[in-house]
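Student: Before I ask anything, here is the structure I am working with.
The values are calculated or read from the model by the stated rules, or taken from the named source; none is laboratory data. As the structure is a prediction and not an experimental result, all values here were calculated from the model. Every residue, glycine as well, gets a Cβ built from its backbone with ideal geometry; the counts of neighbours run over all protein chains shown. Note: areas computed on protein heavy atoms with side chains; ligands, DNA, RNA excluded. Shrake-Rupley method; radii C 1.70, N 1.55, O 1.52, S 1.80 Å.
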Amino acid sequence: MKKLLALCALLIAVPAVAQDYYGLQEYGLRKNTTRVEMYGGVALPQDNWQKNGFDLGTTGFTAGLGFTRNLVPFFGLGLDGNYAQLGDGEKNAAGDYYRTGVVTGLVTGRFSFFPSQATRVYIPFGAGLAHTFVRQKLAAGGHVTTDGTGLANMLGAGLEFDLDDSLVFGVEGRYYYIKTADEVKDTFGRGHYHHILVMLKLGCRF
């Protein structure tokens, strides 16, 4: 009987020692933790990026960097910087075309569903500033640039996976609503623009 009890105690002690030595991976979100994320993907301008029937920009690319602090497991606040470069627009009769970009800086929030799981669905949102430039590339050479800074709002949805206890990989879609500055509004006749981003992301938690 004593030998059996000793064997049971040994079997219980070995996993505990192994856990202390190797450590266990911790998946899911926890409060008072920080994450930094890099992301990139495709920028999709909507129909209102036009002037006189010509596109100010077509499908392009986007890249950005985000910082989030989890206040509780399911909710965090942070900062986000993004650059969206639209592709070259259509040429007019003179051979001129437009090239457009939007730089945004937002204060962001994020609601996460299933925060204790290794796979999560989440909703990001944010508000801040957007600097928009529209550059008309002249066929004769040179360019004319119209730019200005206005307000921006963002709403999205994402799916992410814990690769280990610190790395996160995911896919995210965002909708941006840009209120244009007077310089852009007066030139192109629109008080707002909107576009969609579809991105892959890689983040680090600590």
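Student: Given a 1.4 Å probe, how much area per residue of the chain is accessible, in Å²?
Tutor: On the way: 11290 Å² over 206 residues.
Result: 55 Å² per residue.
Student: Rounded to whole Å, give me the distance from the Cα center of segment 53-78 to that of segment 165-206.
Tutor: Result: 5 Å between the Cα centres.
Student: When the helices in the chain are scored as -39500 (n - 2.57) per DSSP H run of 4 or longer and the sum is shared across all residues, what 222 nm value do you end up with, to the nearest 500 deg cm²/dmol? Don't skip to the answer; put the middle values down first.
Tutor: On the way: 2 runs with 28 residues, N = 206.
When only DSSP H runs of four or more count, the value is -4500 deg cm²/dmol.
Student: Another question about this same structure. Ratio of Rg to Rh for the chain, alpha carbon only, Kirkwood?
Tutor: Numbers: Rg = 24.2 Å, Rh = 19.5 Å.
Rg/Rh for the chain comes to 1.24.
Student: Could you give the nm distance between label points at THR59 and THR145, where each point is 7 Å from its Cα heading toward the beta carbon?
Tutor: 2.8
Student: Would you kindly calculate the translational diffusion coefficient of segment 137-200, applying Stokes-Einstein with the Kirkwood radius from alpha carbon pairs, for 10 °C and a viscosity of 1.306 mPa s, and quote it in µm² s⁻¹ without decimals? Could you put the intermediate results ahead of the total?
Tutor: Working: Rh = 14.8 Å.
Answer, rounded: 108 µm²/s.
Student: For helix 2-22, what angle does its Cα long axis make with the longest principal axis of the chain, in degrees from 0 to 90 and rounded to 10?
Tutor: The angle comes out near 20 degrees.
Student: Here is a follow-up. From the mean inverse distance of alpha carbon pairs (Kirkwood) and the Cα radius of gyration, derive Rg over Rh for segment 91-206.
Tutor: Working: Rg = 18.6 Å, Rh = 16.4 Å.
Radius of gyration relative to Kirkwood radius: 1.13.
Student: Turning to a different aspect of this structure: Give me the Debye-computed log₁₀ of I(q)/I(0) at q = 0.24, 0.26, 0.27 Å⁻¹ for segment 43-127, equal point scatterers on Cα only, no solvent, two decimals.
Tutor: The Debye formula, applied to the Cα set alone, gives -1.06, -1.15, -1.19.
Student: What is the percent carbon and sulfur in the accessible area of the chain, measuring with a 1.4 Å probe over the protein chains and ignoring ligands?
Tutor: Details: 7340 of 11290 Å².
With neighbouring chains kept in place, the figure for the chain is 65 percent.
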